[in-house]
Amino acid sequence: MQWAEIAKRIVGRNESSVKNRWYNVRTSKKKAEQKKKKKTKKRQLEEALEVEHEEELLDSKVPALSPVKKKGEVSNVSDV
């Protein structure tokens with residue numbers, strides 16, 4: 001790039017300040033993108049662990065509930 005030509009068009013900026021600004025902005029964008037990718041991967045891992053945990057809970061033995069009797073229905077076991 002022609003930093004001197006760009007600096008001439010921006011009042012109060014010299015060649016090195018324009019160049020430094022360009023590289024700082026570019027670096028900041030790269031870091032933000034990397035952070036976003038890292039966060040996305042972390043979120044995907046967390047979601048996978050949650051699903052796995054939910055499946056474990058569903059697969060674990062849950063005590064069976066006794067059937068609900070309707071009014072007037074007699075069960076096989078004596079209700080004394």
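Outside any loop (DSSP other than H, G, I, E, B), modelled with pLDDT of 85 or more and either surrounded by 10 or more Cβ atoms within 10 Å (Cβ to Cβ) or among the charged types (D, E, K, R) (or both): does that describe Arg26?
Criteria met by Arg26.
The sole residue among Lys19, Lys69 that is surrounded by 10 or more Cβ atoms within 10 Å (Cβ to Cβ) and modelled with pLDDT of 70 or more is Lys19.
The values are calculated or read from the model by the stated rules, or taken from the named source; none is laboratory data. What you are looking at is a predicted structure, and each value in this text was computed from that prediction instead of being measured. Quick reminder, even Gly has a Cβ in these numbers, built from the backbone with ideal geometry, and neighbours come from all protein chains shown.
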